[in-house]
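The next block holds one structure in the form of structure tokens; read it before the comments.
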Amino acid sequence: MKRVLNIFFTIAFLLSAAGCDKGLQQLNVNKVSPSTLNPALMLNQAIISFSFPFKTLIFDIGGIQQIVTPNGGVSAGANFNQDNRDVTTQPIWAVYYQNVIKNTRDGIIKAKAANRTNLYNMIRIFQAYAFMVLTDEYGDIPYSQAGAGYSAGTFFPKYDKQEDIYADIIKELKDASAALDANGAVESSDLLYAGNVAKWKKFANSLLLRAGMRLVKVDAARAQSLVSDAITAGVITDNADDAYIRHDANYTNPLGGGLNGSEAANFYLTKPFIDRLKTANDPRLPAIAVRYVGATSGNGQTAAAGNTTAGVQIGMPMGYDNGTIVAQATADGLASFYDYSQADRRRILKISSPMFLVTASQDLLLMAEARFRGWISTSTAAQYYSDGIKAHMDQMALYDPGCAVASSARDTYVTNNPLGAGTELDQINSQYWISSFLNGPEAFANFRRSGFPALTPNPYGQPNNPDVPNGTFMRRLTYPTSEIAVNNTNYKDAVARQGADKLSTRVWWDK
């Protein structure tokens, strides 16, 4: 009997133990920790991370002589014709690979697996754009294996040739745009166009238009074909379709953030930029510029001292540092170099200012060039040119009501500055330079492609500057030190193929 009881209690204990284990697996699951990410959120993370980082002000915008600083250290770059691979200020390489490409690469995989066709193709388009910016800036870059650390375990991606990258970018833009379905699921959470398929198609075609124009020096026939195809398919010609990033107190404009912070008194509009606008009585000058008349330090740059009148604006000349600029400011009749004009951080460069990526103005001006070259037959080059200028002036109001250009001033400017015979490419691309203000990567790329406006090379450190030969301009950015240290073998292969890792080395489409 005792043995029977022992067996009974043993069985009862085992059953109760098994019962205690029931549900423990579910109990140990964290109900609020996601096991997968919605690919729409990954696209949005890529979009808000796409805003051009502050270092584009130092190199891209400084290189095409729109804004410059006389200061060195972490601010040294185009102002001194100096390479500066510091890690204090993140280059666009780090920002895009870590925060854009990583999200688009994984988002494409997840969207495809979930059969979210429109989202899948939207992410493909946006990724193509990111890679276009990166390859335009650096030349050969990690492309086919980039961003595949998580999905494929590729931690040291090879560098692809820019020629091959462009071929695939073009294919991606064409295929993804064609696959977008207006009758498909609407991905309304997207931050760029709220899932509007028609606008995404125009965005893709506008990027194709840019890609075609980039090839004008290396393959004019291919360039003509791509440009014609893009325009026929439909590009952005209305400001309502502009691609731009919206900022607020949480997601701030990186340029505005820097210029409303520690760098507020360090960057100034250049003499070439101010003089170009001032000479033509361009109504965009008072919409962009402010001069703190009589300022002798950053503390003197108060709102009360600010003057936005076009006639008082004076741009900082190129080729000076914070020692030599003192005498030049005196020669210019200023109280100090703090008295030079700046891009107004209380209007056009607020922390909440939008950042424009692809605009109607830019497309219309590229269409003016295409029409002048005889690549398209619609309208006239003069009309596209005028429409492009008008679009940019109308776009200004989105920065701030104080940046708005009156329609009467706009129309007067356009009437007084028509497209003239013999100077078409200069005029068109000089307007593109103005229209792309604050979009450093695009302005830098188009300046290299077109050679306009006809700027005078920065004389700083010449005639023996080691980074930029005398009488020339920067042609690319150099690879960051972090990349050289971590991915050295593939870096060396790229340099051996492309040429020295210097600011003066030309990328493939700029040969």
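The values are calculated or read from the model by the stated rules, or taken from the named source; none is laboratory data. Keep in mind that this is a model prediction, so the values were computed, not measured. Because the Cβ atoms are built from the backbone with ideal geometry, glycine has one as well, and the counts that use them run over all protein chains shown. Heavy atoms of the whole protein, side chains included, go into the accessibility calculation; ligands, DNA and RNA do not. Shrake-Rupley method; radii C 1.70, N 1.55, O 1.52, S 1.80 Å.
Structural remarks
- Using 0.36 nm per residue and subtracting the Cα-Cα separation, the extra length available between A406 and A182 on full extension is 77.0 nm.
- Evaluated at q = 0.28, 0.34, 0.35 Å⁻¹: base-10 log I(q)/I(0), Debye formula over Cα of the range 299-339: -1.06, -1.20, -1.22
- Per residue accessible area of the chain, 1.4 Å probe, in Å²: 41 Å²
- Separation in nanometres of the label points that stand 7 Å from Cα toward Cβ, at D175 and D219: 1.6 nm
- Here the range 61-77 and the range 285-327 have alpha carbon centers that stand 15 Å from each other.
- Portion, in percent, of the accessible area of the range 391-511 that falls on carbon or sulfur, probe 1.4 Å: 55 percent
- Simple label model, 7 Å out from Cα along Cβ direction - T88 to A485, nm: 1.6 nm
- Compactness index (Cα Rg / 2.2 N^0.38 Å), the range 437-511: 1.24
- For the range 298-424, the fraction of C-alpha pairs more than 17 angstrom apart is 70%.
- Approximate spin-label separation A264-A500, in nm, with each point projected 7 Å along Cα-to-Cβ: 4.2 nm
- Around A204: net Lys/Arg minus Asp/Glu count, Cβ-Cβ under 13 Å: +2
- Restricting the calculation to Cα atoms, the range 213-289 yields a radius of gyration followed by a Dmax of 18.9, 48 Å.
- Kirkwood-based shape ratio for the chain, expressed as Rg/Rh from alpha carbons: 1.09
- Coordinate range along principal axes, alpha carbons of the range 278-364, Å, largest first: 42, 26, 24
- Cβ crowding within 10 Å averaged over residues, with 256-268, 484-496 ranked highest first: 256-268, 484-496
- Cα centroid separation, the range 329-354 to the range 189-242: 35 Å.
- Alpha-carbon centroid distance for the pair the range 425-486 / the range 109-154, whole angstrom: 27 Å
- For the range 382-511, the Kirkwood estimate of the hydrodynamic radius, built from every pair of different alpha carbons, is 17.7 Å.
- Added length on full extension, which subtracts the Cα-Cα distance from 0.36 nm per residue, V74 to T380: 105.5 nm
- Peptides ranked, highest mean first, by Cβ atoms within 10 Å: ranges 436-444, 269-277: 436-444, 269-277
- Environment charge of A111, counting only residues whose C-beta is closer than 12 Å and scoring Lys/Arg +1, Asp/Glu -1: +2
- Once the gyration tensor of the Cα atoms in the range 113-217 is diagonalised, the equivalent ellipsoid follows with semi-axes of 25, 19, 10 Å, ordered largest first.
- Based on the Kirkwood approach, the hydrodynamic radius assigned to the range 195-246 is 11.4 Å, with every pair of different Cα atoms included.
- Within the shell of other residues whose beta carbon sits under 13 angstrom from the beta carbon of P283, the net charge comes to +1, with Lys and Arg scored +1 and Asp and Glu -1.
- Relative contact order [Cα under 8 Å, 6+ residues apart], the chain, whole percent: 19 percent
- Cα coordinate range in the range 44-144, projected on the principal axes (Å, largest first): 53, 22, 21
- Length gained when the stretch D493-N115 is fully extended (0.36 nm per residue, less Cα-Cα span): 132.3 nm
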